[in-house]
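Engineer: Before we start, here is the structure in question, set down as structure tokens.
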Amino acid sequence: MEARDSEFKKELNATLQARSELGPEYESALIDSFLEKVEQRLDATLDRRVRRHLGEQQIKVARGAHTPQPPLGDFGERFGFGIVSLVLAIPLSAIGVANAGIEGLVVAWLGIVGVNAFNAARGRPLFRRSENRSKSDWED
């Protein structure tokens, strides 16, 4: 990792030196070139991580290991989902009443109750976050 960091320091120094030699009219081209190199490095790092993760998953599947299930129901996420659905209920109710009267209101609330019931019946959060991330996004 340190070798690549010194490599980037050399690239940055070379870019800055080229800028001082070529002048400000080439500044944007030099910056674009340097940023492209940074992007290529990030892409390569991401590719390595994805391949390693997929390989680990394939090994787990091949060995017959089951993936650990996250704990059922994260209170904060479920509470947030309920709050968001209630906030969205206001404009949905207004739209339903404006377009179809009381029937529209009933349909809107049946939809809201249905979505919340489905989320509660699933027994797990709507979105999952990866808990197996490395300490830094910049590390391999």
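Engineer: If the Cβ limit is 8 Å and pairs must be 6+ apart or interchain, which residue in the range 80-95 that is within 14 Å of Gly114 (Cα to Cα) pairs with which residue that is open to solvent by 60 Å² or more (accessible area, probe 1.4 Å)?
Structural biologist: Taking only residues 6 or more apart or on different chains, the pairs are Phe81/Leu126; Ser85/Val115; Ala89/Trp109.
Engineer: Which pairs turn up if I take residues in the range 30-48 that are under 16 Å from Arg19 (Cα atoms) and look for partners that are open to solvent by 50 Å² or more (accessible area, probe 1.4 Å) and assigned to a helix (DSSP H, G or I) with beta carbon separation below 7 Å, at least 6 apart in sequence or on another chain?
Structural biologist: Leu30/Arg19; Phe34/Glu11; Phe34/Leu12
Engineer: Looking only at the range 23-36, how many residues end up being over 24 Å from the mean Cα position of the chain (by Cα) and either open to solvent by 80 Å² or more (accessible area, probe 1.4 Å) or under 22 Å from Asp5 (Cα atoms) (or both)?
Structural biologist: Within the range 23-36, the subset over 24 Å from the mean Cα position of the chain (by Cα) is 23-34.
Now restrict to residues that are either open to solvent by 80 Å² or more (accessible area, probe 1.4 Å) or under 22 Å from Asp5 (Cα atoms) (or both): 24-26, 30-34.
Counting residues in the range 23-36 that are over 24 Å from the mean Cα position of the chain (by Cα) and either open to solvent by 80 Å² or more (accessible area, probe 1.4 Å) or under 22 Å from Asp5 (Cα atoms) (or both) gives 8.
Engineer: When the residues of the range 74-90 are narrowed to those that are closer than 15 Å to Leu110 by Cα and open to solvent by 60 Å² or more (accessible area, probe 1.4 Å), which ends up modelled with the lowest pLDDT? Even if it seems obvious, please write down each step before you answer.
Structural biologist: Within the range 74-90, the first condition is being closer than 15 Å to Leu110 by Cα, and the residues that meet it are 82, 85-86, 88-90.
Applying the additional criterion that residues be open to solvent by 60 Å² or more (accessible area, probe 1.4 Å) yields 86, 88, 90.
Values: Leu86: 84, Leu88: 88, Ile90: 88.
Going through the qualifying residues, I end up with Leu86.
Engineer: Inspect all residues belonging to the range 65-73 and state whether any of them is part of a helix (DSSP H, G or I), at pLDDT below 85 and open to solvent by 100 Å² or more (accessible area, probe 1.4 Å). Before the answer, list the steps.
Structural biologist: Initial filter on the range 65-73 (part of a helix (DSSP H, G or I)): none.
No.
Engineer: Okay, next question. If we keep just the residues of the range 37-64 that are closer than 16 Å to Asp5 by Cα and open to solvent by 90 Å² or more (accessible area, probe 1.4 Å), which is nearest to the chain's Cα centre (by Cα)?
Structural biologist: My answer is Glu39.
The values are calculated or read from the model by the stated rules, or taken from the named source; none is laboratory data. Bear in mind that the values here come from a model prediction, so they are computed numbers and not experimental data. Neighbour counts are summed over all protein chains in view; Cβ atoms, including those assigned to glycine, are modelled from backbone coordinates with ideal geometry. Keep in mind that these areas ignore ligands, DNA and RNA; they rest on the heavy atoms of the full protein, side chains included. Shrake-Rupley method; radii C 1.70, N 1.55, O 1.52, S 1.80 Å.
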